[in-house]
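The values are calculated or read from the model by the stated rules, or taken from the named source; none is laboratory data. Quick caveat, the model's predicted, so the values are computed rather than measured. Note: ideal-geometry Cβ built from the backbone for every residue, glycine included; neighbour counts use all protein chains shown.
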Amino acid sequence: MANNKLAIIGGSGLYDVEDFKEREFLDIDTPWGKPSDQILKTIYKNKEVYFLPRHGRGHFISPSNINFRANIDSLKQLGVTDIVSVSAVGSLKENLPPGKFVIIDQFIDRTFARNKTFFDEEIVAHVSMAHPTSKGLMNACEDAIKKEGIDYQRGGTYVVMEGPQFSTLAESNLYRSWKADVIGMTNMPEAKLAREAEIRYASVSMVTDYDCWHPDHENVDVQQVIKVLLDNASKAKSMIKNLIDNFDTHIDPNDPTNNCLDVAIITAPEKRSRKMKDKLKTVAGRVLNK
């Protein structure tokens, strides 16, 4: 268990955790380009933890322009084994009001303008996404949220839209008809890439608004979202500190993410070029260099 390393990917409103006093900012290069920003390395309660703001500090990267591949590759380079995503979302259900947290266990990917795989040239791999989040990490998140007394729901489906515009009313009602719980713009392809990199992944969604289906939220605007974001971010930072304390105790040594590439790569060994094996060395070197 000593080799497990946690990274937090912070979404809208969560660009830093001020209680991380021991701070080193890392510039990482990847074959896919640069990650969203420098990665904060900290030692908190004797545990090595990493923090990456997916929109950059100051929020200058649109959801469609996030370099998800570089973000995941850079964390893998640092030895990260577990990622908890913290994201702002709109609610698609009456019982998920602004301020409530949802521990996500399913996604519906509606994005269309993003690079969604590391395996898009020469080497082909198909990983299972039936259960896209790690049960052990979800347990750790639940314990951390409970300890803080935050109102939450365990389990939920997150619709990932392309953005950056908010939904039309017709779209919002369509997603509600699918019985989805929340809607956001960032957890895909992040979760898919984490799985391809054999990094366990969990997602905590922080509800900021009811999306436009709700008569009180017909015109969702950034200012009202920011007001809720600030309160949510404070709760999220407390949750993160609790999570650092407990996540190690919840790791499942038999989590299917741990070795999913063993049965995912379909390309014949003689067709795997050295160039691509080098490009994939961080993500898939464990299996490609056998």
Specify which of the listed residues (Asn242, Asn232, Asn219) is at pLDDT below 95 and either under 19 Å from the mean Cα position of the chain (by Cα) or among the small types (Gly, Ala, Ser) (or both). Asn232
With the structure loaded, tell me whether Ala113 is crowded, with 22+ Cβ neighbours inside 10 Å and not aromatic (Phe, Trp, Tyr) or whether it fails that test. no
Of all residues in region 249-274 being surrounded by 16 or more Cβ atoms within 10 Å (Cβ to Cβ) and either closer than 26 Å to Ile145 by Cα or of a type in the set (Lys, Arg) (or both), the one that is farthest from the chain's Cα centre (by Cα): Arg272
Say we look at region 12-29 and pick out the residues that are modelled with pLDDT under 95 and touching a Pro at 6+ places or on another chain (Cβ under 8 Å); which of these is farthest from Asn187 (Cα to Cα)? Asp16
Scanning region 87-109 residue by residue, the ones that are surrounded by fewer than 16 Cβ atoms within 10 Å (Cβ to Cβ) and either under 20 Å from Leu169 (Cα atoms) or of a type in the set (Asp, Glu) (or both) total 4
Does any residue in region 110-133 that is at positive phi come within less than 9 Å, Cβ to Cβ, of a residue that is assigned to a loop (DSSP other than H, G, I, E, B) six or more places away or on a different chain, and which pairs are these? Glu122/Thr267; Glu122/Arg272; Glu122/Ser273
Positions within region 177-206 being crowded, with 19+ Cβ neighbours inside 10 Å and either more than 18 Å from Ile103 (Cα to Cα) or of a type in the set (D, E, K, R) (or both), in sequence order: Asp181, Glu190, Lys192, Leu193, Arg195, Glu196, Ala197, Glu198, Arg200
Exactly one condition in (1) among the β-branched types (Val, Ile, Thr); (2) touching a strand residue (DSSP E or B) at 6+ places or on another chain (Cβ under 8 Å); (3) surrounded by fewer than 18 Cβ atoms within 10 Å (Cβ to Cβ); (4) closer than 30 Å to Gln165 by Cα is false for Val228; which is it? (3)
Which residues, taken from region 98-116, are closer than 22 Å to Glu142 by Cβ and either in a strand (DSSP E or B) or modelled with pLDDT of 95 or more (or both)? Lys100, Phe101, Val102, Ile103, Ile104, Asp105, Gln106, Phe107
Take the residues in region 58-86 that are of a type in the set (S, T, N, Q) and out of contact with any helix residue (DSSP H, G or I) (no Cβ under 8 Å at 6 or more places or on another chain), then tell me which one is surrounded by the most Cβ atoms within 10 Å (Cβ to Cβ). Ser74
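Does Ile240 satisfy the criteria of being surrounded by fewer than 17 Cβ atoms within 10 Å (Cβ to Cβ), part of a helix (DSSP H, G or I), in contact (Cβ under 8 Å) with a residue 60 or more places away in the chain and among the β-branched types (Val, Ile, Thr)?
Taking the combined requirement at face value, the residue does not satisfy it.
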Quickly run through region 177-236 and pick out the residues that are among the acidic types (Asp, Glu), assigned to a loop (DSSP other than H, G, I, E, B) and more than 20 Å from Gly155 (Cβ to Cβ). Glu198, Glu218, Asp221
